[in-house]
Every structure is written in structure tokens, then in C-alpha cells.
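First comes the structure, then the notes that go with it.
Just so it is clear, none of the values below were taken in a lab; they were calculated from the coordinates. Note that this is a predicted model, so its numbers are computed, not measured. A quick note on method: Cβ atoms are made from the backbone with ideal geometry, for glycine too, and the neighbour counts reach across all protein chains shown.
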Amino acid sequence: MDFIRLQDTEGTRFPAGRWTRLLAGPGSLPTNNFVVGHSTQHPGGGIPRHSHHNEELYVCLAGRVEMSVGAETQIMEPVSAAYIPSNVPHSLRNVAEGESVIMFVYSPAGVVDHWQEELKGTLK
């Protein structure tokens, strides 16, 4: 059985104020068609506006986040989910006093381009 524990994954700390760790996909459990990740947003932190060809689902597990998909914005609280269609711009911002936690699933598998863009400072 392939098995992974979140606490054993190093993940990536992004300049927008989050720590993202993959549970399934590149560098984690070997999935071919989807990615599953866990992301902790620090107070005021989040995920900058971006789009990609993958369809995606965000699930808020803790805290409160402001989720924007296209022209719509909604506050997500535990346990709520937002669907993001392919190629639709979206962003997320922690609006809680403490940390917020989301899980995300996207398909097809692979690492989305906006991660490298953010790390290089070209996406803010």
C-alpha cells in the first residue's frame, strides 16, 4: 500500500503567505490523473489570482477564506467547497485571525505553473 502522512511532507512555503504540501501527485503518492494537496494560509496570506487548464476543487477545513472564482467572491468556512472550472481565474485569501486550512484536488495531475511563477516573484 502506498501511504503518506502530512506531517512527514516538507512541502513549499510560498511568498504569498502559505505552506502547501502534496499528498498525491508529483513527489508524493503516485497518482496519474489528479493531485491532492493541503495548504495552510497564514493570517492575511493566500493564493494569488491565477488560472490553469486543470479543473480544481478547494475545500475549507479550518478558519475563514475569501474565495474568488471569475467575477464571484464568497466567504468559505469549514467544511465548504468551491469548484473552479478550467481556465477560470481564481484566488484565495485568509480572512481569519489565525491560520486557515484548505485541501485542494485538481485534474489532470502535474504541478501547476503558478507555483513557479509565484516563487520567482512574477505572480503576486
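Structure notes:
- Estimated 222 nm signal from helices in the chain, with DSSP H stretches of n ≥ 4 weighted -39500 (n - 2.57), rounded to 500: -1500 deg cm²/dmol
- For the chain, with +1 on Lys and Arg beta carbons and -1 on Asp and Glu, the positive-most of Gly110, Gln41, Ala62 along the dipole: Gln41
- Point-charge dipole on Cβ atoms (K/R +1, D/E -1) for the chain, about Cα centre, debye to 20: 220
- Global geometry of segment 1-55, whether rounded, prolate or oblate, following the gyration tensor of its Cα atoms and the 1.5 cut on a/c: oblate
- In nm, spacing of pseudo-spin labels at His53 and Arg5 (7 Å Cα→C-beta vector): 3.8
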